[in-house]
Amino acid sequence: MSVASAPAAAAGQGGSVPRHVAIIMDGNGRWAKRRLLPRIAGHRKGIEAAKAVVRAAGDLGIEVLTLYAFSTENWRRPADEVSDLMGLLRKFIVDDIDELAANGVRLRIIGDYQALKPDLVKLIDDAMARTASNSRTTLVIALNYGSQAEIARAARQLAAKVSGSGMSLDAITPEAIEAELYTADIPAPDLVIRTSGEQRLSNFLLWQAAYAELMFVDTLWPDFGKAELAAAISGFGERERRFGGL
Ligand code: FPP
């Protein structure tokens, strides 16, 4: 991915569309607060924004769209909010899988989603299986995802290969680490967008975003839609990516 895929990703230069856009969807709570609504109302509207952006990604020719839906740190939120978020996610999968499937969207999950409730895990597994052969857009949802935990997991898997199957230490290369990440078969993100004015990566795709363009926009996530995505892509087209070269 990172260095290995740099030449392919460099094709994103010169006004073309990024292959992979990853988004930190932030600002649902503030959107609701400004309207004197409960936070869940912001998350509900956030799901609508996510759906609009998935549709727009297909229209704009983006191959992979990754959305950061729930981080390993989000468990620190009040239990009610965690349960609301899981409920919305469940509803999204149940209500929208038909539209995703009909529109050529392949659903992938990154993160330890298997630690979620068994019924939700089953819904997710069924939705992934049902859309596995779709190829228009890959929608990657980061769920119970944290980049540091992902890298630690990759390290454990490599350590097991060293101690169990005689993998040599010299074989622990960046490519070998990448092959153990959740994103092993997904191209590295070309563009990472964070909404709501915050300028942090918050443990999102830290390895994979090594050469990504970062874009921080003030729009709160529920107000982000096709026009905002198109504007971000046009901004991306104006960036000069050098991947460490000149
Ligand atoms: C940030 O808002 C958003 C999240 C914690 C993620 C929730 C995302 C959604 C409900 C959309 C989910 C989309 C899919 C496809 C499942 P915040 O609560 O941190 O906002 P704040 O910083 O203003 O409080």
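Within region 189-204, work out how many residues are buried (at least 23 other Cβ atoms within 10 Å of the Cβ) and in a loop (DSSP other than H, G, I, E, B).
Qualifying residue count, region 189-204: 3.
Among the residues of region 214-227, is there at least one that is touching a Pro at 6+ places or on another chain (Cβ under 6 Å) and buried (at least 18 other Cβ atoms within 10 Å of the Cβ)?
no
Could you run through region 58-113 and say how many residues are within 21 Å of residue 126 (Cβ to Cβ) and in a helix (DSSP H, G or I)?
Counting residues in region 58-113 that are within 21 Å of residue 126 (Cβ to Cβ) and in a helix (DSSP H, G or I) gives 19.
This table checks each residue for (1) closer than 30 Å to residue 187 by Cα; (2) more than 12 Å from the ligand (Cβ to nearest atom); (3) touching a Phe, Trp or Tyr at 6+ places or on another chain (Cβ under 7 Å).
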residue	(1), (2), (3)
19	yes, yes, no
30	no, no, no
34	no, no, no
47	yes, no, yes
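Which pairs do you get when a residue that is assigned to a helix (DSSP H, G or I), found in region 14-34, comes within reach of a residue that is of a type in the set (A, V, I, L, M) and within 16 Å of the ligand (Cβ to nearest atom), reach meaning Cβ atoms under 6 angstrom, with the pair 6+ apart or on two chains?
That search, which allows pairs on different chains as well, returns 30/220; 31/220; 32/41.
Residues of region 64-75 being over 14 Å from residue 107 (Cα atoms) and within 11 Å of the ligand (Cβ to nearest atom), which ones?
70, 71, 73, 74
When region 193-217 is examined, which residues are found to be charged (D, E, K, R) and farther than 20 Å from residue 145 by Cα?
Of everything in region 193-217, just one residue is charged (D, E, K, R) and farther than 20 Å from residue 145 by Cα, namely 213.
Taken together, the values in this text are just the output of simple stated rules run on the coordinates, not laboratory data. The structure presented is a predicted model; accordingly, all values stated were derived computationally and were not measured. In this analysis, Cβ positions are derived from the backbone assuming ideal geometry, glycine residues included, and neighbour counts consider all displayed protein chains.
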